[in-house]
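Notes follow the structure.
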Amino acid sequence: MYTYPSKPDLFKELIRTNSKQHSMGESLKTYLELKIHPSLSLCNYDRIRVVGKFDRTAGVSDKEKDKTFNWIRPTAVIIGNNTLELRCFPGKDYVYHYANIVNVYMSQYLDYNATIYYNIPSEMECWEAIEKSELKNLPSVKTVIMGYVEGLAFLSKNKEWIDCGMYQYNCISDDAILLGCKHTYWGDIAGRIVTYLSSRGTQQVIYAGKLGTLNESIVPNTCIATGNKSILPNGKSVTWENLFSPNSHSSIIEGVHITLPSVLQETKEWVECNKLRAQYVDPEIGHMAYAAKQNRIRFSYLHIISDNISAKYSEDLSNERILEVIEKRKGLLHIIGNCIREVM
């Protein structure tokens, strides 16, 4: 079972920030609006509770994206005396992240105050959600590629994805698959999935996704990040042997990574404190590497650099669905795919 690499006070209290303090600046509001459940604006609730409970029976958000993967969002159910419960897929980081989305959005952009509670799920609750999922029905293969896999479908001759409940997969070869998730890999959820895959014989996990950079000179959606070190939420580092050489393509830049539970933690102050010790930040890489090392399997990542949190550029997380960004990322994904072919 996965053991979260945490400091005791990591999830102790919610983050307080606003558009002046956060690295996203004025784009923060748009980012939050893309994530927030519409029920929050429909009624003045006394209490809002964020929990780790995967429930698709009611309260589905009408903001869920029309795409193949990563479209399922927390659901909302009214319980008790004017309490809105927001139900997330069980993951410590994800529950904390979503609670902070609610907290910052309400404090800055809604006209009423509610008491916000959040219950970080136990390790057992998080692990049971993985064990009970349809992951058990996946083919047992040597290599699993996770993340932004819809953009890597060209690696396979199969046009159709095979449905597996909350997951879909596509066979690249007899010993390798692309694995997509309909909910989220956020943070420690990804680490547990790596642990589970290793128990089924997987020997190599490659993560192809997107992340933010603290290097102010890097223009978003023009480069690919890789590396062999991540600073974990407990402050310790995990290192691994990188399958990908930064010399394999001019667009690939190697750097140190920080694993951070929530995007809302990426304030301007946080950036100033960390930009000299790391180049990249996202919620998953450290967890996946840590899980791979615990289970003695290989792990590496190639990520599109999707936003710059040290400098302001026109493209960031608030407008990543525009056509220009999508086209740029297609080119980068082909580079990533070619690099993956070389290590298969």
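The values are calculated or read from the model by the stated rules, or taken from the named source; none is laboratory data. Since we're looking at a predicted model, the values are computed, not measured. Note that we place each Cβ from the backbone using ideal geometry, even for glycine, and neighbour counts take in every protein chain shown. The protein model used for the area step is the full one, side chains on, heavy atoms only, and it has no ligands, DNA or RNA in it. Shrake-Rupley method; radii C 1.70, N 1.55, O 1.52, S 1.80 Å.
Couple of notes before you dig in:
- Classified by the C-alpha gyration tensor, segment 202-241 has an oblate form. Its axis ratio a/c, with a ≥ b ≥ c, is 1.5 or above, and a/b does not exceed b/c.
- Three semi-axes of the equivalent ellipsoid, segment 165-214, Cα gyration tensor, whole Å, largest first: 20, 13, 13
- When the chain is treated as a GNM with alpha-carbon contacts under 10 Å, the residue of Asn103, Asn137, Asn228 showing the greatest mean-square fluctuation is Asn137.
- Overall, the accessible surface of the chain at a probe of 1.4 angstrom is composed of carbon and sulfur to the extent of 47 percent.
- Taken per residue, the accessible surface of segment 108-256 reaches 42 Å², heavy atoms only and a 1.4 Å probe.
- Ellipsoid semi-axes in whole angstrom, largest first, where each is sqrt(5λ) of the Cα gyration tensor of segment 96-186: 36, 17, 9
- Volume of the convex hull of segment 1-89 (Cα atoms only), normalised per residue: 182 Å³.
- When both segment 37-102 and segment 1-27 are represented by their alpha-carbon centers, they are found 18 Å apart.
- Phi-based couplings in Hz for segment 279-293 (Karplus 6.51, -1.76, 1.60; Gly and Pro marked x): 9, 10, 8, 6, x, 10, 3, x, 4, 5, 5, 4, 5, 4, 5
- The phi-based Karplus calculation (6.51 cos²θ - 1.76 cosθ + 1.60; θ = phi - 60°) puts the 3J(HN,Hα) values of segment 242-255 at 7, 6, 10, 7, x, 7, 6, 7, 5, 7, 8, 10, 8, x Hz, whole numbers, x for Gly and Pro.
- Shape annotation for the chain: C-alpha extents along the principal axes are 56, 44, 40 Å, from largest to smallest.
- Protection proxy ranking of 53-64, 33-44, by the mean of other Cβ atoms within 10 Å over each peptide's residues and highest first, is 33-44, 53-64.
- Residue pairs exceeding 20 angstrom between C-alpha atoms, taken from Lys7/Lys312; Lys12/Lys182; Lys92/Lys236: Lys7/Lys312; Lys12/Lys182.
- Whole-Å distance, taken between Cα centres, linking segment 266-336 and segment 122-167: 21 Å
- For the residue pairs Lys157/Lys330; Lys53/Lys210; Lys35/Lys159; Lys29/Lys132, alpha carbon separations beyond 28 Å are given by Lys35/Lys159; Lys29/Lys132.
- Computed over the Cα atoms of segment 281-344, the ratio of the radius of gyration to the Kirkwood radius (Rg/Rh) comes to 1.05.
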